[in-house]
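So the structure is just underneath, and the comments pick up after that.
The values are calculated or read from the model by the stated rules, or taken from the named source; none is laboratory data. In this text, all values refer to a predicted model and were calculated from it rather than measured experimentally. We place every Cβ from the backbone using ideal geometry, glycine too, and count neighbours over all the protein chains shown.
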Amino acid sequence: MSDGARETGNGEKPGTQSRPGLPVYPPPAAMPPPDPLEPQPEVLDFRALALRRADERGGRPWRSLEELANTPEFSAMLHRDENAVALDPSGVDRRDLFKYLGASFALAGLTACTRQPTEKIVPYVRQPEEIIPGGHPLTYATAMTLGGTATGLLIESHQGRPTKAEGNPLHPASLGASDVFSQASLYGLYDPDRSQTLLYLEEIRPWPAFLGAIHAAIEAERAGRGAGLRLLTETVCSPTLARQIQELLKALPEAKWVQWEPAGRHNAREGARLAFGEYVEAIPHFDRADVIVSLDADFLSSGPAFLRATRDFSSRRRVGADGAGLNRLYAVESTPANTGAKADHRLPLRAGEVEGFARQLAAAVGLGEAGAAGVGPSAPERVKFVAALAEDLAKHRGRSLIVAGDGQPPAVHALAHAMNAALGNVGATVEFAAPPEAQPSDQLADLSALASDMDAGRVRTLLILGGNPVFTAPADFRFGERLQKVGLRIHLSPHVDETSVACHWHIPEAHFLESWSDARAFDGTASIVQPLIAPLYGGRSAHEVLAATSTEPERSGYDVVRDTWRPFLGGADFEAAWRRALHDGVIPGTASVSKNVTARAVPAPAPAAPPASGGLEVIFRPDPMIHDGRFANNGWLQELPKPLTKLTWDNAAIVSPATAGRHSLAKEDVVRLTVGGRSVDAAVWIEPGHADDSVTVHFGYGRTRAGKFGTGAGFNAYAIRASGALWIAAGGQIVKTGATHPLACTQMHQNMEGRDIVRAANVADFVRDPQFAHRLTKSPEDGETMYPTYPSDTHAWAMAIDLNQCVGCNACVVACQAENNIPVVGKDQVRRGREMHWLRIDHYYGGEPANPQHYLQPVPCMHCEKAPCELVCPVEATVHSAEGLNDMVYNRCVGTRYCSNNCPYKVRRFNFYHYSTQFRAPSLQMLTNPDVTVRWRGVMEKCTYCVQRINRVKIDSEIGNRTIRDGEITTACAQACPANAIVFGDLSDPASRVAQMRKDPRTYALLEELGTRPRTTYLAQVRNPNPALPEPVRRDWPTSFREETGQL
Amino acid sequence: MKKPKPDLVPIPPGQDRRVPVIEPGYTFASVTDKIGQIVLTRRTPVFWFFGFGISFLLMMALLASIGMLLFRGVGIWGVNIPIGWGFAIINFVWWIGIGHAGTLISAILLLLRQEWRTSINRFAEAMTLFAVACAGLFPVLHMGRPWLAYWLLPYPNTMALWPQWRSPLVWDVFAVSTYATVSALFWYVGLIPDFATLRDRARRKGFQIVYGMLSLGWRGSAQHWHRYETAYLLLAGLATPLVISVHTVVSFDFTVAITPGWHSTIFPPYFVAGAIYAGFAMVLTLSIPLRKLYGLEDFITLRHLQNMGKIMLATGLIVGYGYMVEAFMGWYSGSPGELYVTLNRMLGPYAKAYWALILCNIVTPQTLWFRKVRSTPWILFLVAMVVNVGMWLERFVIVVTSLHRDFLPSSWGMYHGTFWDWATFIGTIGLFLSLLFLFLRFLPMISIFEMRTLVPEAEVREEP
């Protein structure tokens, strides 16, 4: 029956509906009219009987059913109906009929009760026999895909609710660390603004309706071998999805598959092809490099495996007493980013000048004179920089590494490959492997072809699986407009977004924690993405949508993924191997083998672009927090301060102080930014260290259909991003509009005011004077206190933060937020200085405003042994535990805020409003960690050293009658940290890592001169500049008393 | 014919050269009539309705503000991190400071036998009570969870918890509540003989009953008077240390903290002087218009105004000394934080507030050196108003500029009062004035029996 309906609804009469190309559903087949030739029995019913009876009684109505029943007509009627049942031509008598009826009901019931196919997900269990139902959370391995590569995760699940993401230590891209996106993915899962229903032209439809539509469309395409079918996806690194797409393309060979990733690594891909003639993935090994050169590459906070890069890089920032082992990082940077902030030498250059610099450097490291051709006259400073750098590289042959940024043109990537080859780094600090992407392609060209096909009407059916191309496609493609020429438009996405409203069908996409999939990491290692929870809103994964195009439309994602891996994990023991893969979160033996590739000659320089006189360079970058816009409705990411600017809830047109001065711009001024004939209004932010005559805009903001948080925040940089200048556009104009736009910044003052806050020295000074961190200020001696010391016979929890390793990536901040149920307060409250993050990363400048030194410092609660906050609380709501924790008793707090006033570190946060329910939809209540109290209005809160984790391990150890092992307790921030900068442990155990770090001569306590005796201590920074390029450590910065340090 | 200015009248040698504390020509009866009729009159003056009406409206604004505060939370104010205390604490200290003059006048001047205090002590005490009432609202309201304010009291409870005795906020509870209690007692005890007078003179039944109850059976017997005088003196003795202690304890709220700009030993004396300064400014602010409106120039004479001006000058100089020492210590301490706070006050974003404060509290009162200023009521009124504003600014500068830039520049911020901050502040002024108008209408604003001791009739002469 259903098949028949689909046959008839198969687009037999296209074009009769309001929209062309849509399948038409015929009205349900009407009942056949009665045959007039058949003799009709007298139809007698109760009503007729009653009327007749009334007539017989002279108009008086009948008085009782008995009276009515006691007539011959009635008994005749009864008999007639009985006979009617018996009159079946098949000869089945009444009893048999009822038997059959009963049996068919029972059978129908049986089918309804079919057990759902078992889809086993396997917990990542440390000691399975210890699982306590309802007590300890379970942990499952899965993986999150972003930008075409995957990061392995372990997700904590409390009674079926995923609540917290951690890195998977077995996964090569994570090694146990996690980034802001994976931490905040949980918020995305419970986002109340997620799309909840399948929509057809904004009307709710059931899934079978979509199945019918897609089946019809595919069948219609068969005639043209799929010539009118296009598939648009994001960069695909899922082997299963790739297999499904290939199967579809096999069936419909004329169909085309287009991938589009707005923040994708197009340049890196093309650069590799330019250098090697094929797509290869460069796998850098930062841990093996002594000298690293970044050509506008922010490898410490973006890129395919930046967690791994950070881990590797930071492992070489650990410094012993002899100062040996430190790597040296040179960063050539346009937009200040974390990588430049960590650099020992940073050269601000306009993004467009980096290629010239790369050619200069290539020439200097002996790559012929080919490079020098395109290089114009350059400042003597730059010449000196190049010379010193080349010399340093030459000294470290095979131990150096040059990386190019995704925003740099392919030639720069090719140059970096060539230089790495010339310096003997290939095979040592950089290896090459097959790309993790299922099908590397020139995405921009493909998208361009798709746009023109749409324009020409050659696309009849467009299946958009994920992504938001209407919003993210280059402005000159006029994607949204051309999309309207496509006959049938289907969009799979987690939100009803800009693209969804331009399509016929919108399918709610299941979150990666709700669906089965698989994904490859940067090095090809595959992971199974296993769901933690059934789809909250009946979302579908891309696998299921693609399955709908196949001959098995209802095949589940689970089966599809298992189909992919059965041959690989194969053999008789597939189930065991599958379980192992789910458990570990990685599939062994899937990492790509390193490839031998030979770099070609340095490509000829592109014709030197005429320097745009007076015009500004516009640099496009994905937003560091909401990426390409997909996380625009993620409250955690929106409120997370962007690494250096500390802006929240907005993007900005970022310029250098000199450029701002030239255009007489101030922060928050709204300017009209015009490039390539397109313009957008943006608020200005002034960022020291930005290249002059250049303006950076982060794309991803300015969403019009994102949800409560994302809609209307910031400005849309995509509106001026054209395909010809995807990353760097010359000839921009900036005009003040006279308006201002409020920006919410969490750190208005980024000047240390000459105070001894972040202590730093160059490595030579450190070796000469290992105690440098203690020269200026000194903690009072141990006995210099009137108060008794705390008992020393128990644990003494402490934290050590190595400032040399911290790269300021923010993972700790959002990990803390996730672990501790920290609310989102919104832009207005951030502007009022009421953000709730328990852990913040302070950022300070030193040196010259044109090219400052950066100092990053994560600041959690110091857990002072002599805590000023405890002294002043009138109700003992903040008290000291015997183990040295500065505890906060929410129940007891009356909210005088005196503790915060008296906290010299200002780490206390106050619930000025009922923040915990302010933005809390019912779905978000599932996000809360049940181990941590949700705070209410009027209560102070702050970092607890994750006391719930401490207590859990303490209880476990007591049950097991054992001591707590070092490293067994870790705080959320320390666990997330990709740089291993944060170490938590027990000071009373002299062998613990934290006790060892405390003995390091670099250890100092923040504001130790106050005598607060913090348990959180820092390890001072040691920079490793090239002696040929003297770069004194400077923490001074011009002071201006007048500068306001807040908005309001 | 224009009366010559009292000061300009040549005074024969050997006589008290000062303006009298009560103009000549009054008898026991006329003093009683003049003060009593304000209360017992059937016709309430029009200006009273006008003044009370406005005050009452402002008080309603206070109620609305408090309602909003309880409904939405302390977030409706401008407080934030790092500036955890804002208008609420500023207003608290300001009102408490104002509340100092009454008890000082009543108790300390009584003990010092300053007979000029007589005509101003009653309403100064009333003012004290009302100011303390206003002040007392703020520490409760500024809490995140004001309904739990009683946790600051040491009472036996199932949690077996007491307040945290090291916190100055707990000391505050005791200091302020003791002060409020003693002030109220002192005021009431002082009122008893006058209640009896009013009881006897009231024509209306209701008044007779109410005043009768309030007068606690006072008959004016010698024994009554004896006990009364003893009690009053004892209360004055009790209240005297409180005048010093309350603001000392309030200043501990700041000095106990380690915040630069707060952590200073000069605060207690400088706060007490500031409080007396502010208190007298407020007494002047109120008494100058009142004596005019109620025609009490004969009772509140220029002598009173001049004396209050002198006290303001003296305490203003102490306050000025406090500012200087603060600035000096900012440099002398050698602590970068202290020095920065000092410079930041003078040069930072709140420099305007700081210099306005110097102008109001140090420069303006210097005019009080001139007898002409002290003896011209309207100029004195202006000076007092300026000092009122200045003292508010002083608390603003202390609370806000110290907090907004403390140890770690990363956490620096700015503070501005919001609409609700202002509404609450102005609302408490409404509450204060409403109570004051009710007091003026229903209670004798000048102590009748004490005034009677000042008239010539009361002089006890030797039998010739």
Positions within segment A:912-938 being in contact (Cβ under 8 Å) with a residue 60 or more places away in the chain, in a loop (DSSP other than H, G, I, E, B), within 11 Å of chain B (Cβ to nearest Cβ) and of a type outside the set (D, E, K, R), in sequence order: A:F912, A:Y913
Meets criteria (touching a residue at least 12 places away in the same chain (Cβ under 8 Å), over 26 Å from B:V283 (Cβ atoms), of a type in the set (A, V, I, L, M, F, W, C) and more than 8 Å from chain A (Cβ to nearest Cβ)) for B:A64: yes
Meets criteria (closer than 29 Å to A:I686 by Cβ, in contact with a strand residue (DSSP E or B) (Cβ under 8 Å, 6 or more places away or on another chain), within 10 Å of another protein chain (Cβ to nearest Cβ) and not basic (K, R)) for A:V879: no
Residue count for segment B:69-80, restricted to those that are part of a helix (DSSP H, G or I) and facing another protein chain (nearest Cβ under 7 Å): 3
Segment A:886-902 residues that are over 18 Å from B:H142 (Cβ atoms) and at the interface with another protein chain (Cβ under 7 Å from one of its Cβ atoms), paired with ones that are surrounded by 24 or more Cβ atoms within 10 Å (Cβ to Cβ) and at pLDDT below 95 (beta carbon under 6 Å, 6 or more apart): none
The listed residue being on the phi > 0 side of the Ramachandran plot and within 14 Å of chain A (Cβ to nearest Cβ), out of B:G334, B:G330, B:G348: B:G334
Selection within segment B:339-351 - closer than 13 Å to A:E753 by Cα and crowded, with 20+ Cβ neighbours inside 10 Å: B:Y340, B:V341, B:N344
Segments classed as helices (runs of 4 or more DSSP H), wholly inside segment B:168-280, with at least 1 members that are within 14 Å of another protein chain (Cβ to nearest Cβ) and in contact (Cβ under 8 Å) with a residue 40 or more places away in the chain: B:168-201, B:222-255
Test: A:A730 is among the small types (G, A, S) and crowded, with 20+ Cβ neighbours inside 10 Å: no
Close pairs (9 angstrom Cβ cut-off, 6 or more residues apart or separate chains): within 18 Å of B:F381 (Cβ to Cβ) in segment B:296-319, among the acidic types (D, E) and modelled with pLDDT under 90 anywhere: B:E297/B:E23; B:F299/B:E23; B:T301/B:E23; B:L302/B:D7; B:Q306/B:D7
One residue from B:G51, B:G97, B:G14 being more than 30 Å from A:P904 (Cβ to Cβ), assigned to a helix (DSSP H, G or I), away from every other protein chain (no Cβ under 14 Å) and modelled with pLDDT under 95: B:G51
From the options B:L393, B:L382, B:L454, residue that is part of a helix (DSSP H, G or I) and in contact (Cβ under 8 Å) with a residue 40 or more places away in the chain: B:L393
Filter pass, A:R1013 being surrounded by 19 or more Cβ atoms within 10 Å (Cβ to Cβ), at pLDDT 90 or above, within 14 Å of chain B (Cβ to nearest Cβ) and in a loop (DSSP other than H, G, I, E, B): no
Conditions (1) on the phi < 0 side of the Ramachandran plot; (2) assigned to a loop (DSSP other than H, G, I, E, B); (3) away from every other protein chain (no Cβ under 12 Å); number of the one not met by A:V907: (3)
Test set (1) at pLDDT below 85; (2) of a type in the set (G, A, S); (3) outside any loop (DSSP other than H, G, I, E, B) - A:S378 fails condition number: (3)
Residue identified as of a type outside the set (A, V, I, L, M, F, W, C), crowded, with 20+ Cβ neighbours inside 10 Å and within 14 Å of another protein chain (Cβ to nearest Cβ) among A:N762, A:N804, A:N751: A:N751
Entirely in segment A:242-361, the strands (runs of 3 or more DSSP E) that have 2 or more residues that are charged (D, E, K, R) and over 30 Å from A:G226 (Cβ atoms): A:328-333
Evaluation of B:M143 against (1) among the aliphatic types (A, V, I, L, M); (2) within 10 Å of another protein chain (Cβ to nearest Cβ); (3) free of Cβ contacts under 8 Å to residues at least 12 places away in the same chain (one fails), failing number: (3)
Set B:F271, B:F280: member being in contact with a His (Cβ under 8 Å, 6 or more places away or on another chain) and crowded, with 24+ Cβ neighbours inside 10 Å: B:F271
Residue match in segment A:855-868 (condition: assigned to a strand (DSSP E or B), buried (at least 22 other Cβ atoms within 10 Å of the Cβ) and more than 9 Å from every other protein chain (Cβ to nearest Cβ)): yes
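To keep it simple, each residue is scored yes or no on (1) at pLDDT 90 or above; (2) over 22 Å from the mean Cα position of the chain (by Cα); (3) in a loop (DSSP other than H, G, I, E, B); (4) not β-branched (V, I, T).
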site	(1), (2), (3), (4)
A:F432	yes, yes, no, yes
A:A438	no, no, yes, yes
A:L447	yes, yes, no, yes
A:A451	yes, yes, no, yes
A:E481	yes, yes, no, yes
A:P508	yes, no, no, yes
A:A519	yes, no, no, yes
A:I528	yes, no, no, no
Residue in segment B:81-94 that is more than 10 Å from chain A (Cβ to nearest Cβ), within 16 Å of the chain's Cα centre (by Cα) and over 30 Å from B:S410 (Cβ atoms) present: yes
Some residue of segment B:363-372 being farther than 20 Å from B:L284 by Cα, out of contact with any helix residue (DSSP H, G or I) (no Cβ under 6 Å at 6 or more places or on another chain) and part of a helix (DSSP H, G or I): no
Answer from B:G427, B:G413, B:G417 - the residue that is assigned to a helix (DSSP H, G or I) and either crowded, with 17+ Cβ neighbours inside 10 Å or within 14 Å of chain A (Cβ to nearest Cβ) (or both): B:G427
Pick from segment A:939-970, criterion crowded, with 20+ Cβ neighbours inside 10 Å, part of a loop (DSSP other than H, G, I, E, B) and not β-branched (V, I, T), ranking: farthest from the other protein chains (Cβ to nearest Cβ): A:C946
Single residue of segment A:635-665 satisfying the filter (in contact (Cβ under 8 Å) with a residue 40 or more places away in the chain and more than 29 Å from the chain's Cα centre (by Cα)) that is nearest to A:G826 (Cα to Cα): A:L665
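Results for (1) among the charged types (D, E, K, R); (2) in contact with a Phe, Trp or Tyr (Cβ under 9 Å, 6 or more places away or on another chain); (3) surrounded by fewer than 24 Cβ atoms within 10 Å (Cβ to Cβ), shown as yes or no for each residue.
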residue	(1), (2), (3)
A:R265	yes, no, no
A:A268	no, no, no
A:G271	no, no, no
A:L274	no, no, yes
A:Y279	no, no, yes
A:A282	no, yes, no
A:F286	no, yes, yes
A:V293	no, yes, no
A:A297	no, no, no
